[in-house]
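Working notes, beginning with the structure itself.
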Amino acid sequence: METPEGQGIAKKAWDAYVKAVDRRVPPFVKGKLTSALEPLGTTIVEDMIGFWVMWHLYGGFEGLEEFGMHKSTIWRKVARFRKMTGSHPDVYQMPGITIDPKAYWAGAQVKVGRTPKKHT
């Protein structure tokens, strides 16, 4: 029977990583760090993945600006993305994820509204 973890491949890899990190963090510090940083880390990763997807769906900087994002927000997110991945969102390839903007806009036009100028 399938579980919420599927076959557990990602969970096993994550558990192995956590086990390796746990050797370097004293147990009395671990609880405090985890409770303080876990929500922040989750939010940042979620934001960066969403930003990367939107970057490609909306056609980069100009498309995001046209969508309504302020220039300084875009620059800040690009800088954070570079810091986290070592690459600009335009050239970064997210392992396991392929984005097809034309297919997305063909299917999402009605749900999302107008498409960016570059995709019309």
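Here, each number is a calculation from the coordinates, and none is a lab measurement. Because the structure is predicted, anything quoted here is derived from the model rather than measured. Using ideal geometry, Cβ is built from the backbone for each residue, glycine included, and neighbour counts are taken over all protein chains shown.
Some points to look at:
- Spin-label pair GLN93-VAL18: with each label point 7 Å from Cα along the Cα-Cβ axis, the two points sit 3.1 nm from one another.
- Exposure proxy for THR98, THR34: other Cβ atoms within 10 Å of each Cβ, ordered fewest to most, give THR98, THR34.
- Low-density loop positions, GluC sites (Glu not before Pro), the range 27-108 - DSSP coil, at most 16 other Cβ in 10 Å: none
- Order of TYR92, TYR17 - criterion: other Cβ atoms within 10 Å of each residue's Cβ, fewest first: TYR17, TYR92
- Net lengthening on full extension, SER35/ASP100 (0.36 nm per residue, minus Cα-Cα): 19.7 nm
- Burial ordering of HIS70, HIS88, HIS56, fewest other beta-carbon atoms within 10 Å first: HIS70, HIS88, HIS56
- Over 31 Å (Cα to Cα) - which of LYS71/LYS102; LYS11/LYS32; LYS32/LYS71; LYS11/LYS83; LYS19/LYS71; LYS19/LYS83 fall in this group: LYS32/LYS71; LYS19/LYS71
- P(r) tail fraction, the range 9-119 - alpha-carbon pairs more than 24 Å apart, %: 42
- Each label was represented as a point 7 Å from its Cα along the Cα-to-Cβ direction; for THR42 and SER72 these points are 3.0 nm apart.
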